[in-house]
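Q: My questions all concern the structure below.
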Amino acid sequence: MILALIAQVAAATPNLLLISVDGLRADRVGAYGMMPSPTPGIDRLAAEGLVCELGFSQSNESLFSHAVLFTGLYASEIAPPDYRTFVVPDRATLLPEVLRLYGYATGGFAAGGHVKGVYGFAQGFDVYDDQYDFGAFFHTTPTALAWLEAIGDSPFFLFLHGYDTHRPYMHSGLYHHAFDADGARTVDELIDQAETERIFNGVYYPDFPLTYFWHAGASERILDPGGYGRLAEWAASRPGRPITPEEQEHIRGHYDSGALSADLQITRLVEALGKSGAWDHTLVMLVADHGEDLGEHGLYNHRSTLADSATRVPMILAGGALPEALRGQRIPGPCEAIDVVPTLLAAAGAVAPKGLRGRDLLSDQPPQGAVFQEGVLPMMAVRTATHRLTVQGLPLDSPLLELLVRVAPLSAPIFALYDTRTDPGEQRDVLAEQPEVAWALREQLLTWLTERLPWSGVRERPVDDPHLQETLRSRGYW
């Protein structure tokens, strides 16, 4: 009888598939209104699944964001939120660690970069393959399919990741010019990591000196995101090469081609699961770790802003294990990356670790109403369904941060308020016009700051993988 019960529970255990399309903005997905759609496969998942209308990442960079996706905690609760030193420490409890206790085979197939195992993401995985540095789904999907075939009928948790829509917008795949194929290819020579960092307000400054800082405990350098402010100062007094509107649209065409390439490989995986019969008892969560600012705020990157262009992302649940009543439905939101772990653990029938944030998106739990976001520059934000309040000033690990937010007048330049109902591009600060909204959001931010779990302050495991350092340097991070 006990064995029969165990078999019954195992049969009811859903497979779990977490797909992270690194850098994919929600508004460049057909299911969120982008036409012509570069994501037909993802759109089909959305039509048959559950769509979060307002999905948000907790940060604007892969390392912080994936830490949230794997732990269900804010980056500042996991380790000191310093971009120069941040790794997920051994003491953190990751999603695959919990699932493995419940009998799941756990496989991670990451496209390297800031999601490599050396940053702490391999914890709890039976297999963590990160051999393709800043690779694409073109690289990770075949190895994931081989792993699925090898594990047989075991319930699985699969993490699949690719940098297809991440700069330099020319990752390995079948497409580079699927969109705007006849456009201004004169800009193609600039589409690499370092050169896009030299574009500001539609002008390319080839002589702008990119600056680096030393990573603590490592012998290589990281491209300093603080250089964005220096680029603005540089542009104020020096000439550059204008990037025409046609060229800017061609860059966006490359981005969309990356989305199409990712979509092809994701569809390939979904169809393979369907042919094997595993799809019928699989729950899929497709997300992005952040978006990508495509010139809307002057730059081509994701680390310089917490605006929707860099943090509003697709969040879609699908698969045969999705409850029938939820298929074809849409959650008005907001939903957020911190909801991923509680949702997948609840689907697995697993007990969640103590202190877990977020909510189960498949339950009737109401949304928190406010999304809290942390940037890799000294910035944070609180986003509701209608507004975003941003705060810039002290580093996120400064002991004076809460005091600054509490005592600084709302008229101080550290604050900015955007009404996303009338200004979805977040171009106009309306704080002076809506001070009561800003005041209420600041109070929510202060509550959040005081309630976060404290990190220990120990900086663990410096990144000392020479091959990883060389790759990051070549891509403009080191």
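Since every read-out is calculated from the coordinates, none of them should be taken as a lab result. For clarity, every value in this text was computed on a predicted model and none was experimentally measured. Glycine gets a Cβ as well: all are built from the backbone with ideal geometry, and neighbour counts include every protein chain shown.
Q: Remind me, relative contact order of the chain in percent, using alpha carbon pairs under 8 angstrom and six or more residues apart?
A: Dividing the mean separation by the residue count of the chain yields 25 percent.
Q: Separate question: Net charge within 9 Å of residue 124 by Cβ-Cβ distance, Lys/Arg positive one each and Asp/Glu negative one each, not counting residue 124 itself?
A: Computed value for this residue: -1.
Q: Between residue 439 and residue 153, what's the calculated FRET efficiency when r is the beta-carbon distance and R0 is 45 Å? Round to 0.05.
A: 0.20
Q: Further, regarding this structure: Please report 151, 331 as a ranked list, fewest other C-beta atoms within 10 angstrom at the top and most at the bottom.
A: Listing 151, 331 from fewest to most nearby Cβ atoms yields 151, 331.
Q: Please order 244, 384 by the number of other Cβ within 10 Å, starting at the fewest.
A: 244, 384
Q: While we're here: Which of the three applies to region 222-273, rounded, prolate or oblate, going by the alpha-carbon gyration tensor with a ≥ b ≥ c and a/c under 1.5 meaning rounded?
A: It is oblate, given that a/c is not under 1.5 and a/b is not larger than b/c.
Q: Same structure, new question: Please list the non-local residues whose amide H lies under 5 Å from the amide H of residue 24, H modeled 1.01 Å from N, same-chain partners needing a gap of 5 or more.
A: 289, 290
Q: Once every DSSP H run of n ≥ 4 in the chain is given -39500 (n - 2.57) and the sum is divided by its residues, what mean residue ellipticity at 222 nm do you get, rounded to the nearest 500 deg cm²/dmol?
A: Result for the chain, helices only: -9000 deg cm²/dmol.
Q: To test your reading of the geometry: what angle, between 0 and 90 degrees and rounded to tens, separates the Cα axis of helix 2-12 from the longest principal axis of the chain?
A: Roughly 40 degrees, rounded to the nearest 10.
Q: Give, in nm to one decimal, the length gained when the segment between residue 432 and residue 238 is fully stretched (0.36 nm per residue of separation minus the Cα-Cα distance).
A: 66.5 nm
Q: OK, next. Could you compute the net charge surrounding residue 22? Neighbours are other residues with a C-beta less than 12 Å from the C-beta of residue 22; K and R count +1, D and E count -1.
A: After counting each charged neighbour, the total is -2.
Q: What is the Å³ per residue value for the convex hull set by the Cα atoms of the chain?
A: So the per-residue Cα hull volume is 142 Å³.
Q: Which order results if 42, 78 are arranged by neighbouring Cβ count within 10 Å, fewest first?
A: By the 10 Å Cβ count, ascending: 78, 42.
Q: Turning to a different aspect of this structure: Helix 137-151 against the longest principal axis of the chain: what's the angle in degrees, Cα atoms only, rounded to the nearest 10?
A: For 137-151 against the chain, the angle is about 20 degrees.
Q: Specify the angular offset, from 0 to 90 degrees and rounded to the nearest 10, of the alpha carbon long axis of helix 435-451 from the longest principal axis of the alpha carbons in the chain.
A: Helix 435-451 sits at roughly 50 degrees to that axis.
Q: May I ask you to compute the full-extension gain from residue 27 to residue 398, defined as 0.36 nm times their residue separation minus their alpha-carbon distance, rounded to one decimal in nm?
A: 130.1 nm
Q: Same structure again: Which one of 94, 269, 234 has its Cα pushed farthest toward the positive end of the charge dipole of the chain, where Lys and Arg give +1 and Asp and Glu give -1 at the Cβ?
A: Of the options given, the answer is 94.
Q: With +1 on each Lys and Arg Cβ and -1 on each Asp and Glu Cβ, and nothing else charged, work out how big the dipole of the chain is about its Cα centre, in Debye to the nearest 20.
A: 680
Q: Then there's this: Could you please report the charge total around residue 142, scoring K, R as +1 and D, E as -1 over all other residues with beta-carbon less than 14 angstrom from its beta-carbon?
A: -2
Q: Then there's this: Which of rounded, prolate or oblate describes region 299-362 when judged by the alpha-carbon gyration tensor and an a/c cut-off of 1.5?
A: The shape class here is oblate.
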